[in-house]
Number of protein chains: 2
Amino acid sequence: MAVTILDIAKHLDLSVSTVSRALNGYGDVAKETRKRVEEAAKEFDYHPSDAARSLRQKRTNRVGLLIPSTIHYMGEFFSELIRGVTLALAESGSNLMLYTTTTDEVAQLTRICRAREVDGIILFSADKLDEAISFLKTESLPFVVLGHSINDPAVSFVASDNRGGMMAAMQHLLSSGHSRIAYLARYDQPRLHSQRLLSYQQALTEAGLEIDGDLVTSASIGTRTGYRAMNSLLDLPVLPTAVIAFNDQIAINALQAASERHVSVPDDLSIVGYNDIRSSLSTVPQLTTVRQPLSEMGKKAAEVLLSRVHDNDIPPIRTNLPAELIIRGSTSHV
Amino acid sequence: MAVTILDIAKHLDLSVSTVSRALNGYGDVAKETRKRVEEAAKEFDYHPSDAARSLRQKRTNRVGLLIPSTIHYMGEFFSELIRGVTLALAESGSNLMLYTTTTDEVAQLTRICRAREVDGIILFSADKLDEAISFLKTESLPFVVLGHSINDPAVSFVASDNRGGMMAAMQHLLSSGHSRIAYLARYDQPRLHSQRLLSYQQALTEAGLEIDGDLVTSASIGTRTGYRAMNSLLDLPVLPTAVIAFNDQIAINALQAASERHVSVPDDLSIVGYNDIRSSLSTVPQLTTVRQPLSEMGKKAAEVLLSRVHDNDIPPIRTNLPAELIIRGSTSHV
DNA sequence: AATAATTCCAAAAACGTTTTTGGAACTTAC
DNA sequence: GTAAGTTCCAAAAACGTTTTTGGAATTATT
């Protein structure tokens, strides 16, 4: 059996309560006694039972991160986020539980809340975000949404400035003389898509350009996402001179499609990605992209959550981190 | 406050023990009573407290996955593994705790074990694997190593056939007429590296070729890993005609370096990757690579661990899943 | 020198389950 | 018609902590 606090107490001829207070830094214990306890704890490699402590304290020192089950389609994106999350958690001594969404997201959240498996939840999953949010609002479990800016002023979120990011990309292309700019979207991400689309349309309108429905199309999720969609753009009677992709993966596959059809990037076609994942440095040419500070977003989300775990009555924290255009080789003057 | 088993018991005028037995499927409860209990539990959305249950049952229904803190450098690789892990865990009703390694791995493992935070651990971290293993062997916590084949016959692992995979790549190149074959390694992964190096050398020797030390070099971890190393290979007085990279990321960056120096792949240079991550389909040309069944490995590792959680006295399960050469456009006849 | 305050610690309660033990009520067996 | 099973359930113990309460011993205050 594992060593318990009782073993320590017996060994030192103290009561368990004193040992507990000594280890948790309470004041009601003599200096000398505390030292003895700490030494014994070290000697026996004593660590308090996680379950027992959680039960008594009503705190688990765990936070949950809910991610989509299609996580393997967004490996780089995700791992940057998670890095930030783990960084922030490590500082506070909390641990991370990873939940992948199931078919019934709300049932899953119900269990997590009612069984008190975690102290709080970072909602990254996007499947049925609205339902998930409205459920969590009825529970007392702190939560924060990661990656989406939420309209409801009562919910905390950490996202990046989508409108601004997309606008920066558009302005870069427009000022480079492009007028036929395609948007290679992801319709299955309606929340992000609609924001980006708005900026796309606004930029065109402000530039006095027509909005051509043919130039907005969607990549489908899967391996080589965006490959087929890019090809269909290249089948248009009048080709676009620039493409903004929903993310870097799509941009990379668009690059591949263009290359296969001997459309030269950036000479014949400019391509802009989104997110600035590491791979965007590895293409030929390197991707111009809108950088989202993914790691920082993860870190910030964890911090926001932890502050709510500490006190859930503080007003909601709603953060849009700035997006930044990174100009590399995949775009040029028309 | 959350609803407890006592609330259900009071509401139904039963004892807590009966409610517990009813919900957990024990025999000692009348059909009618069980039905009433189940209905009440559903009505109140009752879920037993995770902490209380863990404490009493000495089982947490959680397993840990230990990953390196440099996880963001291996996003795709990692997310495929994790997908398999979560798939297997979901089937068994277990949850996943994600631990990133800290400076003192053993101290971290000590805490995890002694605090009984999880039922078992999947060791994916490679930093000080030997120390970690020898520590875990002294504890009673079940564990399995993921991604490395371990010599010690007492430890369970799930890996893929490194020797075979590397050998397949070499044979492919040799039979295509290549004789100057470089190996773009990762010295900081000594375990995997040494196995691959052995196969590399063996294949050359069997083909009656000299082993040229200049042709074995190492990529360093970081963004664009392998870019600089590839460039130094291209600076050699006599160029290699083929390169086997330690992983696909390195291969992709090697591809980029070659392209920038107008070395045509595969005409002037063949490049082989390793792992078959999704991105290996997105390059121009697409990567020839050695496929490791990453998702299956993760799944298998979780299954092996769970079987040990169920009964830790079963003999070690040691699995090398087959690696498979996938021939695509980045390699050709010399 | 008596009282008040302080320091240190032990005892006990509490957290919410599961599991063990035991016993009442009802059936079956002879 | 008693003995022996069965069926169902309640009571209590146990899991390993933290926190509250209270009290003895020591020190400070008047």
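The values are calculated or read from the model by the stated rules, or taken from the named source; none is laboratory data. This is a predicted model, so every value here is computed, not measured. Ideal geometry is used to build each Cβ from the backbone, glycine not excepted, and the neighbour counts take in all protein chains shown. These area figures cover heavy atoms from the full protein model, side chains too; ligands, DNA and RNA do not enter into them. Shrake-Rupley method; radii C 1.70, N 1.55, O 1.52, S 1.80 Å.
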Original post:
Scanning for something open to solvent by 30 Å² or more (accessible area, probe 1.4 Å) and free of Cβ contacts under 8 Å to residues at least 40 places away in the same chain, does the stretch A:240-258 turn up at least one residue?
Top reply: no
Original post:
Mind checking which residues of the stretch B:58-78 are more than 22 Å from B:Lys128 (Cα to Cα) and facing chain A (nearest Cβ under 9 Å)?
Top reply: B:Lys58, B:Thr60, B:Arg62, B:Glu76
Original post:
Which condition breaks for B:Lys42 when tested against (1) within 14 Å of chain A (Cβ to nearest Cβ); (2) surrounded by 12 or more Cβ atoms within 10 Å (Cβ to Cβ)?
Top reply: (2)
Subject >> Check on B:Asp235, charged (D, E, K, R), open to solvent by 70 Å² or more (accessible area, probe 1.4 Å) and without any contact (Cβ under 8 Å) to a residue 24 or more places away in the chain >> reply: yes
Original post:
Got a sec? Which of B:Tyr200, B:Tyr274, B:Tyr187 is more than 14 Å from chain A (Cβ to nearest Cβ), in contact with a helix residue (DSSP H, G or I) (Cβ under 8 Å, 6 or more places away or on another chain), open to solvent by 30 Å² or more (accessible area, probe 1.4 Å) and touching a residue at least 24 places away in the same chain (Cβ under 8 Å)?
Top reply: B:Tyr187
Original post:
Among A:Ile133, A:Ile112, A:Ile82, which is among the hydrophobic types (A, V, I, L, M, F, W, C) and within 14 Å of the chain's Cα centre (by Cα)?
Top reply: A:Ile82
Subject >> Residues (in a helix (DSSP H, G or I) and more than 7 Å from every other protein chain (Cβ to nearest Cβ)) located in the stretch A:113-122 >> reply: A:Cys113
**OP:** With the condition kept exactly as written, say whether any residue in the stretch A:19-27 is within 11 Å of chain B (Cβ to nearest Cβ) and of a type outside the set (A, V, I, L, M).
**Re:** no
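Give the residue, chosen from B:Gln171, B:Gln195, that is within 18 Å of B:Asn275 (Cβ to Cβ) and either of a type in the set (Lys, Arg) or not assigned by TED's automatic domain parsing to the domain that holds B:Leu136 (or both).
Only one candidate qualifies: B:Gln195.
With respect to A:Asp7, determine if the residue is surrounded by fewer than 19 Cβ atoms within 10 Å (Cβ to Cβ) and either within 16 Å of DNA strand D (Cβ to nearest atom) or of a type outside the set (Val, Ile, Thr) (or both).
Numbers: surrounded by fewer than 19 Cβ atoms within 10 Å (Cβ to Cβ): yes; either within 16 Å of DNA strand D (Cβ to nearest atom) or of a type outside the set (Val, Ile, Thr) (or both): yes.
For A:Asp7, the condition - surrounded by fewer than 19 Cβ atoms within 10 Å (Cβ to Cβ) and either within 16 Å of DNA strand D (Cβ to nearest atom) or of a type outside the set (Val, Ile, Thr) (or both) - is met.
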Original post:
What number of residues within the stretch B:136-155 satisfy the criterion of being surrounded by 14 or more Cβ atoms within 10 Å (Cβ to Cβ) and over 12 Å from the mean Cα position of the chain (by Cα)?
Top reply: 7
Original post:
Of all residues in the stretch A:18-60, which are polar (S, T, N, Q) and closer than 21 Å to B:Arg56 by Cα?
Top reply: A:Ser20, A:Ser49, A:Ser54, A:Gln57, A:Thr60
**OP:** Only one of these is within 9 Å of DNA strand D (Cβ to nearest atom) and not charged (D, E, K, R): B:Tyr26, B:Tyr46. Name it.
**Re:** B:Tyr26
**OP:** Would you mind stating whether A:Leu89 is within 12 Å of another protein chain (Cβ to nearest Cβ), open to solvent by 10 Å² or more (accessible area, probe 1.4 Å) and hydrophobic (A, V, I, L, M, F, W, C)?
**Re:** no
Original post:
Pairs, please: C-beta under 7 Å, at least 6 apart or cross-chain, first residue touching a residue at least 60 places away in the same chain (Cβ under 8 Å) and more than 9 Å from chain A (Cβ to nearest Cβ) and in the stretch B:279-305, second among the basic types (Lys, Arg) and assigned to a loop (DSSP other than H, G, I, E, B)?
Top reply: B:Thr288/B:Arg328
Original post:
Looking at the stretch B:92-112, which of its residues are more than 7 Å from chain A (Cβ to nearest Cβ) and in contact with a Lys or Arg (Cβ under 9 Å, 6 or more places away or on another chain)?
Top reply: B:Ser94, B:Thr101, B:Glu105, B:Val106
**OP:** Would you be able to say whether some residue in the stretch A:95-109 is part of a helix (DSSP H, G or I), more than 23 Å from A:Val144 (Cα to Cα) and open to solvent by less than 30 Å² (accessible area, probe 1.4 Å)?
**Re:** no
Original post:
Across the stretch B:203-228, which residue is surrounded by the most Cβ atoms within 10 Å (Cβ to Cβ) among those that are closer than 30 Å to A:Glu80 by Cα and of a type in the set (A, V, I, L, M, F, W, C)?
Top reply: B:Ala219
Original post:
Looking at A:Ser160, is it touching a Pro at 6+ places or on another chain (Cβ under 9 Å), closer than 30 Å to A:Asp119 by Cα and in contact (Cβ under 8 Å) with a residue 40 or more places away in the chain?
Top reply: yes
Original post:
Just for helices (runs of 4 or more DSSP H) wholly inside the stretch B:1-59: which have at least 3 residues that are within 9 Å of DNA strand C (Cβ to nearest atom)?
Top reply: B:5-12, B:16-23, B:50-57
**OP:** Spot the failing condition for B:Ser17; the list is (1) more than 7 Å from DNA strand D (Cβ to nearest atom); (2) open to solvent by less than 80 Å² (accessible area, probe 1.4 Å); (3) among the hydroxyl-bearing types (Ser, Thr, Tyr), and only one is missed.
**Re:** (1)
Original post:
Here are A:Arg34, A:Arg21, A:Arg83: which of them is of a type in the set (D, E, K, R) and in contact (Cβ under 8 Å) with a residue 24 or more places away in the chain?
Top reply: A:Arg83
